[in-house]
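Worksheet: the structure to be examined is printed underneath.
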Amino acid sequence: MHQANRKAVFAWLDACNRSRMPNCYRSGKIGADETMMNYIWGGMLIIGIIFGVATGNMQAVTDAVLQSSKEAVTLGISMLGIVAFWSGLMEVGQEAGVITGLTRLIAPFMRFLFPGIPKGHRAWDSLSANFVANILGLGWAATPAGLRAMSDLEELERERENSEYMDEKVGIAAANGFMDYGARTASNEMCTFLVMNISSLQLIPVNIIAYRSQYGSANPAAVIAPAIVATFFSTVVAVIYCKVMGRKCE
């Protein structure tokens, strides 16, 4: 993997999975959530197979596995065209200046969310691009911008001379392709960015529309209005939460 991309992925994992959250954000110690989910899904599969054998429905279990596998492949191929279309549309919007216009439109909101980021810092571009892509429902286009944003926020911590992010402290580990993420604490900006991505106001829920269309919905786009209402309120709650927790961190 290209060094810059690997660094961006490490930065994303740093705040998402392995780094410590500030005490004001943390309600409990971060545990092995990923391992627990593996146990849950694995347990569900094993229980289903055992139940099928015990009730004499093993043939139905086998048929369901094969049918689900077929549907997964079909859905993946169908989604490929939709992903290509909307990702291409995002690129066209970028070249036409639409994304730049939307970025300027949300600039006051971004400054309200991230008052600690210096004006002109490159993190603004990647953060804004990620927010715009999420608002338009283009999660595939939002992911690369999100990776860049986390990398830029990591760089911002170095500029602030945060010892946990200084190169001399992690240089040996980074050179070996491994980083001690547990030794770092996610910044307020990183926490806010992740919370806002989880809430994610969406005007066009492209994924849901695509799934509904694939499974024969008479009106796949009927979900747009409910999705806007639901994500609007989830975003309002997320903003309030980030501001309250951010003040506790100060």
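Please determine, by comparing only the residues of the range 11-50 that are modelled with pLDDT of 85 or more and touching a helix residue (DSSP H, G or I) at 6+ places or on another chain (Cβ under 9 Å), which one is farthest from residue 152 (Cα to Cα).
Filtering first and then ranking leaves 49.
Name the one entry in 83, 53 that is of a type outside the set (Lys, Arg) and modelled with pLDDT under 85. Steps first, please.
Values: 53 fails: modelled with pLDDT under 85.
83 is the lone residue from the list that is of a type outside the set (Lys, Arg) and modelled with pLDDT under 85.
So for the range 216-226 (the condition being modelled with pLDDT of 85 or more, in contact with a helix residue (DSSP H, G or I) (Cβ under 8 Å, 6 or more places away or on another chain), crowded, with 20+ Cβ neighbours inside 10 Å and in a helix (DSSP H, G or I)), does at least one residue qualify?
There is no residue in the range 216-226 that is modelled with pLDDT of 85 or more, in contact with a helix residue (DSSP H, G or I) (Cβ under 8 Å, 6 or more places away or on another chain), crowded, with 20+ Cβ neighbours inside 10 Å and in a helix (DSSP H, G or I).
Among the residues of the range 95-123, count how many are closer than 24 Å to residue 199 by Cβ and exposed (fewer than 15 other Cβ atoms within 10 Å of the Cβ).
Residues in the range 95-123 being closer than 24 Å to residue 199 by Cβ and exposed (fewer than 15 other Cβ atoms within 10 Å of the Cβ): 10 in total.
Taking interchain pairs and intrachain pairs at least six residues apart, which have beta carbon atoms under 8 angstrom, with the first residue in the range 180-206 and within 21 Å of residue 116 (Cα to Cα) and the second charged (D, E, K, R) and at pLDDT 80 or above?
Hits for this filter: 187/157.
Being touching a residue at least 12 places away in the same chain (Cβ under 8 Å), farther than 30 Å from residue 244 by Cβ and of a type outside the set (Val, Ile, Thr): is that true of residue 128 here?
Answer is no for this residue.
The values are calculated or read from the model by the stated rules, or taken from the named source; none is laboratory data. Bear in mind that the values here come from a model prediction, so they are computed numbers and not experimental data. Glycine also receives a Cβ, built like all others from the backbone with ideal geometry; neighbour counts cover every protein chain displayed.
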